[in-house]
Amino acid sequence: MGKQKILVIGAGGQLGSELTQGLWRLHGKENVVATDIKDAEGILAEGNFEILDVLKRDAFTSFIQKNKFTQVYHLAAVLSATGEKNPGFAWHLNMDGLLYVLDAAVEYKIEKVYWPSSIAAFGPTTPKQNTPQDTVMDPTTVYGISKQAGERWCQWYHEKHGVDVRSLRYPGLIGYKTKPGGGTTDYAVDIFFQALSEKKYECFLKPDTYLPMMYMDDAVKATLDLMEAPAEKIHVRSSYNISAMSFCPEEISAEIKKHIPDFNITYKADFRQAIADSWPRSIDDSRARADWGWQHRFGLPEMAADILKNLPEYLAAY
Ligand code: AKB
C-alpha cells in the first residue's frame, strides 16, 4: 500500500470527529481531509477541513476527481430517532449518499471505502440474544431500512465492480468528545453529561432496556483494524457484527453511582422505546474476531471510569 490520501465525509459527527483523529495518528494529519456540511468545530479545525455536501453530486464528484483520494470514509447519515421525523430526507441522505460514493469509487478507482451499518438493520423477529452474523433482518425504522439496503449495495458493488468496501454494524456508540445526533442509544451519552452537571437524569428508555453498546475508543480501533486488514481476510462484504458490551439504563446508572453516589435516574419512556425494543440485546461478533482479529478493550466499568475521569477536563477545554 503506497501513500494514502483519505477523505472523511460527515467528519463533524460523533464518530467522525474521533475517527478523523485516529486517521491522523495512523496516516499523518497532512494525508487526511475531513469534510462536513458545516464548519469545523473543536479539534477538527486543527487539520485539513473542507465544506462538502455528498448530496450535491456534481460538486462531490469533482472534489473526488480533483483530490485523487485513495480511501473514503463515508459517515454522513441521519440516525434512527431523527430519521423517523423526516423519513424522506433520511432515505435520500442515507441511500443516495452511499450510492454516489460507491459510483465515485468505481469511476475514480478509489482503493478502499468504509461505510457504517448498525444494529438498527435488525428488527423485531431477529433473534435478540447473541444475534448471529447471518439472520433475519426486518428493520422497523427508515434508518434501519437504509442500513439493510446499504449492506446489500456494498456487497453488490464489491461483487459486480470489485469495490473494496468494508463495513461494521455498530452498536450504540458512547463517547464524550462530541454529542450524538438523533439516535436511540443517545441516552447512554447524555447520562454522563447530566450526571456531572445536574446529578440527575431523566431517561427516555425503560430501566431494563438492554442494548449492545461500545466505547468510542473501541469503535475507532475496530474501524481502523478492519480497514487495515489485508483484503483476503475480509469475508463479509455486507457488514460485520461487532460487539463490546450490553447494558440497560438501570445498570449504567448503578455504575455512575459508584463514582457520583448522589446521582439519581428517573424514567419517562417515549417513542424511542419501541425502536430500542425492536433491536438486539446482545450481538455475536465471532466472525469479526475470527476473520480479522477484532478484540474490544472496554466494558461498562472501564468505560464509565474513563469518561468520568476525562469529561470534566474536556468540558473545561472545549
Ligand atoms: C442510533 O441509536 O440510531 C444509532 C445506532 C444504534 O445506529 N446509535
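Where a number appears in this text, it was derived from the coordinates with a stated rule and is not lab data. Keep in mind that what you see is a predicted model, and the values were worked out from it rather than measured. Here Cβ is always computed from backbone atoms with ideal geometry, including for glycine, and neighbour counts include all displayed protein chains.
Before moving on, here are some points about what is shown:
- In this simple spin-label model, placing a label point 7 Å from the Cα along the Cα-to-Cβ direction at both Asn130 and Lys38 gives a separation of 4.4 nm.
- Each residue of segment 271-277 was assigned a 3J(HN,Hα) from its phi angle through the Karplus expression (A = 6.51, B = -1.76, C = 1.60, θ = phi - 60°), giving 4, 6, 4, 5, 5, 4, 5 Hz with x at Gly and Pro.
- Theoretical ellipticity at 222 nm over the chain - DSSP helices of four or more residues, -39500 (n - 2.57) apiece, nearest 500: -12500 deg cm²/dmol
- Centre-to-centre separation between the Cα atoms of segment 226-262 and those of segment 25-88: 24 Å.
- Nearest-ten-degree value, helix 14-27 long axis tilted from longest Cα axis of the chain: 50
- Around the Cα centre of segment 1-138, unit charges on the Cβ atoms of Lys, Arg, Asp and Glu (plus for the first two, minus for the last two) sum to a dipole of about 340 debye.
- Beta bridges per DSSP, both residues in the chain: antiparallel share near 10 percent.
- Dipole size of the chain about its Cα centre, with +1 on Lys/Arg Cβ and -1 on Asp/Glu Cβ: approximately 360 debye, rounded to the nearest 20.
- Between Ala269 and Asp190, the distance separating the two model label sites (each 7 Å from Cα on the Cα→Cβ line) works out to 1.6 nm.
- About its Cα centre, segment 91-153 has a charge dipole of approximately 180 debye under the convention of +1 per Lys or Arg Cβ and -1 per Asp or Glu Cβ, with nothing else charged.
- Normalised by residue number, the volume inside the convex hull of the Cα atoms of segment 127-232 is 142 Å³ per residue.
- Cα-based helix-to-principal-axis angle, 249-259 vs the chain, degrees rounded to 10: 70
- Other-chain or far-sequence residues with amide H under 5 Å of Cys203's (modelled H): Thr266, Tyr267, Lys268
- Derived scalar couplings ³J(HN,Hα) [segment 194-200; Karplus, 6.51 cos²θ - 1.76 cosθ + 1.60; whole Hz; x for Gly, Pro]: 5, 4, 6, 8, 10, 6, 8
- Amide proton proximity set for Tyr73, modelled H, under 5 Å, gap of 5+: Leu7, Val8, Ile9, Tyr114
- With a threshold of 28 Å on the Cα-Cα distance, the over-threshold entries among Lys85/Lys179; Lys128/Lys199; Lys128/Lys309; Lys29/Lys177; Lys38/Lys268; Lys199/Lys221 are Lys128/Lys199; Lys128/Lys309; Lys38/Lys268; Lys199/Lys221.
- Kirkwood hydrodynamic radius of segment 203-318, from inverse mean 1/r over distinct Cα pairs, in Å: 16.3
- Among Lys177, Lys268, Lys5, the ranking by other beta carbons within 10 Å of each residue's beta carbon, starting with the fewest, stands as Lys268, Lys177, Lys5.
- Taking each residue as 0.36 nm, the span from Glu228 to Lys109 lengthens on full extension beyond its C-alpha to C-alpha distance by 41.0 nm.
- For the chain, the calculated P(r) over all alpha carbon pairs, in 20 Å bins from 0 to the bin holding the longest distance, is 33, 60, 7 percent.
- Using alpha-carbon coordinates, inclination of helix 97-107 to the longest axis of the chain, degrees: 30
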